[in-house]
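Visitor: Got a structure here, written out as structure tokens. Questions coming.
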Amino acid sequence: MFGPVKIAPSILSADFMNMERDVALIEEGGAGFVHVDVMDGHFVPNLTIGVPFVAGLKKVTRLPLDVHLMISNPLEQLPWYLEHLGEGDFATVHVEALDMEAGEVQKAIDLIHEAGVGAGLVLKPDSPADVVAPYLSQLQMVLAMSVYPGFSGQSYIEGTEDKVARLAALAREAGVAPLLEVDGGIGLKTAGRVAQAGADVLVCGNAVMKAEDPQAAIRDITAAALAAREEA
Ligand code: DX5
Ligand code: ZN
């Protein structure tokens, strides 16, 4: 019933002075996506990278980019990022940064689709799965945060797997299958739990990029996820 599990290493944990080398390493190591954490120092306390960096990444990898926008004003800034993204890439925006009643979630999805990019909604740990239900049929990805966004290297919040299971159930009920992604504290110990609940894409920051052998880490985490799925 489940498809494959893919690893999306987060370059936030890479060596920024050797980014091209690190991206090539994960590409050759079987990563499914490059996870790009855009933080604006406002929606989250941390500040990371912006548009020129995303544009540069597109030039050095064939892997699709999975751009996780942790920014306060996604409707204003989305077009800047979308200009550099294309088919196969994903742009994900936080529901907490959008006014749902004012139609902003719909506007964000439309903007992303007009650029030919996969659209995703992201839920912080305290936002319930059901918030995305009205939009599921239009989404290519739903990201459940398993840490409070802002920093890599945090511990997985127990129970996130229940939210993933709920998202999987909602998608089944709606007869759709957006990629279900989990982000934060995912590694060998936690990959099985979220994959069993239905996660298709596992973001791994420290567990891959800070591993002695990032390529082995991708293989091992994928194997752990698949083994857990087979048990399900
Ligand atoms: C956190 C970011 C994550 C983070 C993951 O706000 O969205 O992508 O870099 O890092 P790890 O896997 O180390 O928790
Ligand atoms: Zn992220």
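The values are calculated or read from the model by the stated rules, or taken from the named source; none is laboratory data. Bear in mind the structure is a predicted one, so any value in this text is a computation, not a measurement. Ideal geometry is used to build each Cβ from the backbone, glycine not excepted, and the neighbour counts take in all protein chains shown. Protein only, heavy atoms only, side chains kept; ligands, DNA and RNA dropped before computing areas. Shrake-Rupley method; radii C 1.70, N 1.55, O 1.52, S 1.80 Å.
Visitor: With a 1.4 Å probe and all protein chains kept in place, how do E173, E87, E104 rank by accessible area, largest first?
Guide: Largest accessible area first, the residues go E87, E173, E104.
Visitor: Still on this structure, I have one more. Mind giving me the FRET efficiency for V51 and R219? R0 is 22 Å, r the Cβ-Cβ distance, nearest 0.05 is fine.
Guide: Working: r = 33 Å, r/R0 = 1.49.
That gives a FRET efficiency of 0.10.
Visitor: Report, to the nearest whole %, how much of the accessible area of the chain belongs to carbon and sulfur atoms, 1.4 Å probe, protein only.
Guide: Working: 5180 of 9940 Å².
Carbon and sulfur atoms account for 52 percent of the accessible area of the chain.
Visitor: Ranked from highest to lowest mean number of other Cβ atoms within 10 Å per residue, what is the order of the peptides 211-220, 163-172, 196-205, 12-21?
Guide: Values: 211-220: 16.6, 163-172: 19.2, 196-205: 25.7, 12-21: 14.5.
Those peptides, ordered most packed to least, come out 196-205, 163-172, 211-220, 12-21.
Visitor: So, one more: Would you mind checking the pairs K59/K163; K58/K189; K58/K163; K6/K210 and listing those with alpha carbons more than 27 angstrom apart? Can you show the working numbers first?
Guide: Working: K59/K163 35 Å; K58/K189 31 Å; K58/K163 32 Å; K6/K210 18 Å.
Too far apart for the 27 Å limit: K59/K163; K58/K189; K58/K163.
Visitor: Using a probe radius of 1.4 Å on heavy atoms only, what accessible surface per residue do you get for region 67-137? Whole Å² is fine.
Guide: Numbers: 2840 Å² over 71 residues.
Heavy-atom accessible area per residue stands at 40 Å².
Visitor: Just the number please: accessible area per residue for region 1-46, 1.4 Å probe, all protein chains included, in Å². Present the calculation step by step, with values, prior to reporting the outcome.
Guide: Details: 2030 Å² over 46 residues.
Roughly 44 Å² per residue, with all protein chains present.
Visitor: Compute, for the chain, the length of the dipole vector about the Cα centre, with Cβ point charges of +1 (Lys, Arg) and -1 (Asp, Glu) only. Units Debye, rounded to 20.
Guide: On the way: 15 positive and 32 negative charges, 79 e Å.
Taking the Cα centre of the chain as origin, the dipole is about 380 debye.
Visitor: Now, a different point. Cβ under 11 Å from H35's Cβ, H35 left aside: what net charge do those residues give with Lys, Arg +1 and Asp, Glu -1? Working shown, then result.
Guide: Working: positive: K6; negative: D37, D66, E181, D183.
With Lys, Arg at +1 and Asp, Glu at -1, the net is -3.
Visitor: Over the chain, what per residue volume does the convex hull of the Cα atoms give, in whole Å³?
Guide: On the way: hull volume 25.3 nm³, N = 232.
Hull volume over Cα atoms, normalised by residue count, gives 109 Å³.
Visitor: Given contacts defined as C-alpha pairs under 8 Å and at least six residues apart, what's the relative contact order of region 28-138, whole-number percent? Before the final figure, lay out each step's value.
Guide: Values: 167 pairs, mean separation 24.6, N = 111.
Result for region 28-138 is 22 percent.
Visitor: As an exercise, find the ratio Rg/Rh for region 1-96 from alpha-carbon atoms, using the Kirkwood inverse-distance average for Rh.
Guide: Ratio value, two decimals: 0.96.
Visitor: Show me 179-188, 128-137, 60-69 ranked by packing, highest mean number of other Cβ atoms within 10 Å first. Before the final figure, lay out the partial values.
Guide: On the way: 179-188: 24.6, 128-137: 15.3, 60-69: 20.9.
Ranked by mean Cβ neighbours within 10 Å, highest first: 179-188, 60-69, 128-137.
Visitor: Hey, another quick one. Using label points projected 7 Å from each Cα along Cα→Cβ, tell me how many nm separate E87 and Y148, to one decimal.
Guide: In this crude spin-label approximation the distance works out to 4.2 nm.
Visitor: Still on this structure, I have one more. Return a whole-number percent for the relative contact order of the chain, with Cα pairs under 8 Å and 6 or more residues apart as the contact set. Intermediate results must be reported in sequence, preceding the final value.
Guide: Numbers: 485 pairs, mean separation 50.2, N = 232.
Value for the chain: 22 percent.
Visitor: Mean residue ellipticity at 222 nm from the helices of the chain, using -39,500 (n - 2.57) per DSSP H segment of n ≥ 4 over the full residue count, to the nearest 500 deg cm²/dmol?
Guide: Mean residue ellipticity, 222 nm, calculated: -11500 deg cm²/dmol.
Visitor: Leaving ligands, DNA and RNA out of it, rank F53, F33 by accessible area with a 1.4 Å probe, largest first.
Guide: Values: F53 55, F33 10 Å².
Per-residue accessible area, sorted high to low, gives F53, F33.
Visitor: Still on this structure, I have one more. Work out how much length K189 to E76 would gain on full extension: take 0.36 nm times their residue separation and subtract the Cα-Cα distance, in nm to one decimal.
Guide: Length difference between fully extended and current span is 36.8 nm.
Visitor: With the Cα gyration tensor of region 141-224 in hand, give its eigenvalues times 5 under a square root as the equivalent ellipsoid semi-axes, listed largest first in whole angstrom.
Guide: On the way: eigenvalues 104, 38, 20 Å².
Listed largest to smallest, the semi-axes of region 141-224 are 23, 14, 10 Å.
Visitor: By its C-alpha gyration tensor, with a ≥ b ≥ c as the square roots of the eigenvalues, how is region 28-153 shaped: rounded for a/c under 1.5, else prolate for a/b larger than b/c, else oblate?
Guide: Working: a/c = 1.44, a/b = 1.25, b/c = 1.15.
Judged from the Cα gyration tensor, region 28-153 comes out rounded (a/c under 1.5).
Visitor: A further question on this structure: Apply the Debye scattering formula to region 84-206, with a single equal point scatterer on each alpha-carbon and no solvent, then give log10 I(q)/I(0) at q = 0.12, 0.18, 0.22 Å⁻¹.
Guide: -0.41, -0.93, -1.31
Visitor: So for the pair K124, R21, with labels modelled 7 Å out along Cα→Cβ, what separation do we get in nm?
Guide: 3.7 nm
Visitor: So, taking all protein chains as they sit and a 1.4 Å probe, how much accessible area belongs to T48, in Å² rounded to tens?
Guide: Taking all protein chains as shown, T48 has close to 40 Å².
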